[in-house]
Amino acid sequence: MSHLNPPSFVLVGAGSRGHGFSNWVRDHLAPGAIKAIAEPIAERRNRIAEDHMIPAERQFETWQQLLEHPQLADAMINATMDRDHVGSAVAAMRAGYHMMMEKPLATNLADAQLIDKTRQETQRIVSVCHSLRYLPVYEKISDIIQSGMIGDVVSLDQLEAVEHIHQSHSFVRGNWANEGRSTFMLLAKSCHDIDIIASLIPAKCERVSSFGSLSFFRPQHAPVGAPAYCVDGCPAEDICPYHSMKVYGPHSGWRHSAGTNGLSREESRILLRQSPYGKCVFQTDNDVVDHQVVAMEFAGGITATFTMTAFTPYGGRFLRIHGTKGYLESRTEDRAVDVWEFWRGNQKTRYELPEEVGGHGGGDDRVMANFVSAIQSEDATLVRTSTAESLRTHTIAFAAEQSRREQRQIEISELAVQ
């Protein structure tokens with residue numbers, strides 16, 4: 001065991017993800033364990049600084065400014081925007097920091113490969129936040145597969161129900177709506193899913209095909225007479241579920257995400273008249289898909305499909321695994337797994353997992369605990385989702401997007417390092 005008990009951190013990016021990770025550090029490690037903050041939005045930066053007693057000289061607007069200083073802590077929590085991952089990660093590792101990285105690893109394959117190469121060269125301990133790997137329900141599913149209870153896996157299907165309002169908030173009006181500012185939808189939202197599928201199937205993915213498009217959140221579907229901003233008198237206000245005052249008004253659950261929390265109805269209207277979150281969902285600059293399917297073939301003929309869709313009334317994941325001796329089904333948000341065994345007269349067994357606290361059903365807490373344990377033990381092999389493992393599964397996502405765009409099957413070997 002090293003002397004790093006507990007490790008200290010710097011935080012770059014204080015949005016909802018960075019704030020959540022900082023709360024975990026505050027609640028589970030020593031007071032003052034976060035030594036510095038880099039965040040361009042002053043309100044967010046000040047909140048973290050106050051919570052963690054960070055002095056003014058260690059409060060920065062950018063990660064570049066933070067890294068100009070000699071190493072300030074043992075590890076970095078990297079919750080920057082997607083396109084900043086590669087620059088901040090490479091520079092931080094070279095400056096001596098271990099790192100917890102928010103997914104995706106990077107927004108293109110070359111940058112993802114560079115991050116993994118730098119991790120190997122610097123020998124830093126780096127964990128990529130693929131939270132699904134750490135959820136008890138997926139751990140149980142993995143155990144069932146490995147036990148042989150359902151025999152050999154023949155095929156797997158997973159659905160990610162994004163939920164229609166979540167789609168409109170994050171991927172139509174929000175930070176991930178436009179690929180030029182962020183990345184493509186499959187990587188931004190569903191690299192978790194591709195990662196968990198690839199981890200559950202005990203074989204190498206060999207080829208993929210994918211289809212999808214932006215079908216609904218487009219100008220031609222705007223109600224007749226709809227203004228650019230909902231609050232300017234939309235004739236469809238009563239029936240449109242995406243009207244900004246319904247989504248972000250004083251009694252909405254999404255108001256905190258748009259900055260209208262605590263505001264009166266009139267104050268909310270004023271803010272939404274000036275905010276991207278107040279725009280008509282059919283009249284933004286969004287260009288990422290609102291539905292996509294991915295078909296994967298693994299060594300030995302094992303097949304898997306993944307579907308991402310905006311058009312659901314609730315969020316969550318639905319999984320079905322078809323084995324030679326049994327069938328597994330799970331709505332993972334319910335933390336329950338059902339298994340039918342063919343050779344026992346279709347005997348059904350239900351496994352129910354306890355609810356856990358923390359983001360992503362407790363997965364975020366487990367990611368952080370795993371990362372801290374690896375640092376304290378000075379053992380990078382303890383990290384379940386290293387940059388190498390994340391690169392392996394990200395490669396499938398990059399291949400799938402290439403397939404969607406080029407309208408052809410992609411061999412994973414085509415994306416191998418030359």
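What the table below lists for this structure:
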read-out: Any hit, segment 54-77, residues being among the small types (Gly, Ala, Ser) and in contact with a His (Cβ under 9 Å, 6 or more places away or on another chain); value: yes
read-out: Cβ-Cβ under 7 Å pairs, at least 6 apart or on other chains, segment 153-179 side more than 18 Å from Cys280 (Cβ to Cβ), far side among the charged types (D, E, K, R) and part of a helix (DSSP H, G or I); value: Gln158/Asp193; Glu160/Asp193; Val162/Lys189
read-out: Restricting segment 294-327 to residues that are surrounded by fewer than 18 Cβ atoms within 10 Å (Cβ to Cβ) and small (Gly, Ala, Ser), the residue that is farthest from Ala203 (Cα to Cα); value: Gly315
read-out: Positions within segment 236-256 being crowded, with 18+ Cβ neighbours inside 10 Å and either outside any helix (DSSP H, G or I) or among the polar types (S, T, N, Q) (or both), in sequence order; value: Cys240, Tyr242, His243, Ser244, Gly249, Ser252, Trp254
read-out: Of all residues making up segment 36-79, the number that are surrounded by 17 or more Cβ atoms within 10 Å (Cβ to Cβ) and outside any strand (DSSP E or B); value: 15
read-out: Selected residue (criterion: nearest to Met93 (Cα to Cα)) from residues of segment 1-17 that are part of a loop (DSSP other than H, G, I, E, B) and at pLDDT below 90; value: Leu4
read-out: Inter-residue pairs, beta-carbon under 6 Å, first in contact (Cβ under 8 Å) with a residue 12 or more places away in the chain and in segment 254-266, second in a helix (DSSP H, G or I) and open to solvent by 50 Å² or more (accessible area, probe 1.4 Å), 6+ apart; value: Thr260/Leu271
read-out: Sole residue being more than 25 Å from Asp111 (Cβ to Cβ), part of a helix (DSSP H, G or I) and of a type in the set (Ser, Thr, Tyr), chosen from Ser373, Ser403; value: Ser373
read-out: Unique residue being surrounded by fewer than 22 Cβ atoms within 10 Å (Cβ to Cβ) and hydroxyl-bearing (Ser, Thr, Tyr) when the list is Ser275, Ser268; value: Ser275
read-out: Residue in segment 366-403 that is modelled with the highest pLDDT, counting only those that are in contact with a Phe, Trp or Tyr (Cβ under 6 Å, 6 or more places away or on another chain) and open to solvent by less than 50 Å² (accessible area, probe 1.4 Å); value: Glu401
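The values are calculated or read from the model by the stated rules, or taken from the named source; none is laboratory data. It should be emphasised that the depicted structure is a prediction, and the values quoted were computed from it without experimental measurement. Neighbour counts are summed over all protein chains in view; Cβ atoms, including those assigned to glycine, are modelled from backbone coordinates with ideal geometry. Heads up: the accessible areas ignore ligands, DNA and RNA and are worked out on the full protein's heavy atoms, side chains in. Shrake-Rupley method; radii C 1.70, N 1.55, O 1.52, S 1.80 Å.
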